[in-house]
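Report on the following structure.
The values are calculated or read from the model by the stated rules, or taken from the named source; none is laboratory data. Just so you know, these numbers come straight off a predicted model, no measurement behind them. Here the Cβ positions follow ideal geometry from the backbone for every residue, glycine too, while neighbour counts run over all protein chains shown. SASA here: full protein model, heavy atoms, side chains in, ligands and nucleic acids out. Shrake-Rupley method; radii C 1.70, N 1.55, O 1.52, S 1.80 Å.
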Amino acid sequence: MSSESWRRALVLGGTRSGKSELAERLLADEPMVRYVATGRRSATDPEWTRRIEVHRARRPATWTTEEVGDDPWRLPSLLAEADPGEAILVEDIGTWVGAVLTAAEATGSRPPTARMSDDLGAAVRACPARLVLVSPEVGLAPVPLTPMGRAFVDALGATNMALAAACDAAVLVVAGLPVPLKGTL
């Protein structure tokens, strides 16, 4: 499904919408893909571990995995320093935003919403590799009742907008169906 009409694509969708599967299909023709996992492993959450294993089992053996969950600020530099001949799939921006906010909360810092969206958007624009980013769409959900929940929604919304502006193509996946938003996949 790889196309020359795009180099950077954003795949948005709700939980269990099919966004990950679509993102993987977009790079299915690439000989090698670097899968960048943004989630942190958990020794105390077996359901989360099962989700990670389902994603891992679906990936072709030629794909490599790089995890940035323990050091989320490594993602922008990883993208900006990528090789022009490689293909990268980032799964997912929501867990990346959560990791950045958690790190800020642990140090008592204000959530770095503007820095997050600006730095990642710039890194995506500078990324020389073929790139697919997967992110949850939060704009269709109710406003969270907690300050941290609102900070997450605000940060992810700003980051998604920055990524959509930086990408050649964007699609929203609803019930497994891609709805084009920008460009052609």
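Counting Lys and Arg as +1 and Asp and Glu as -1, each charge on the Cβ, what is the dipole of the chain about the Cα centre in debye, to the nearest 20?
Using only the charged Cβ atoms, the result is roughly 300 debye.
Quick check: Cα centre of region 1-42 to Cα centre of region 81-113, how many Å?
Taking the Cα centre of region 81-113 as reference, the centre of region 1-42 is 16 Å away.
Let me test this: with uniform point scatterers at the alpha carbons of the chain, what is the Debye-based log₁₀ I(q)/I(0) at q = 0.08, 0.10, 0.17, 0.18 1/Å?
-0.23, -0.36, -1.13, -1.28
With an 8 Å Cα cut-off and a minimum separation of 6 or more residues, compute the relative contact order for the chain in percent.
Result for the chain is 35 percent.
Over the alpha carbons of region 93-185, what is the largest minus smallest coordinate on each principal axis, giving the biggest first in Å?
42, 31, 16
Shape call for region 11-94 from the C-alpha gyration tensor, a ≥ b ≥ c root eigenvalues: rounded (a/c under 1.5), prolate (a/b greater than b/c) or oblate?
oblate
Please work out the average accessible area per residue across region 1-40, using the 1.4 Å probe convention, and give it in Å².
45
As I understand it, the dipole of region 1-140 uses +1 on the Cβ of Lys and Arg and -1 on the Cβ of Asp and Glu, about the Cα centre. Which of Pro72, Trp6, Ala126 lies farthest toward its positive end?
Going by the Cα projections, it comes out as Trp6.
Report, to the nearest whole %, how much of the accessible area of the chain belongs to carbon and sulfur atoms, 1.4 Å probe, protein only.
That share works out to 58 percent.
Mean Kyte-Doolittle hydropathy of -0.5 or higher plus an axial Cα length of 24 Å or more: which whole DSSP H helices in the chain meet both?
Passing helices, by number: 147-166.
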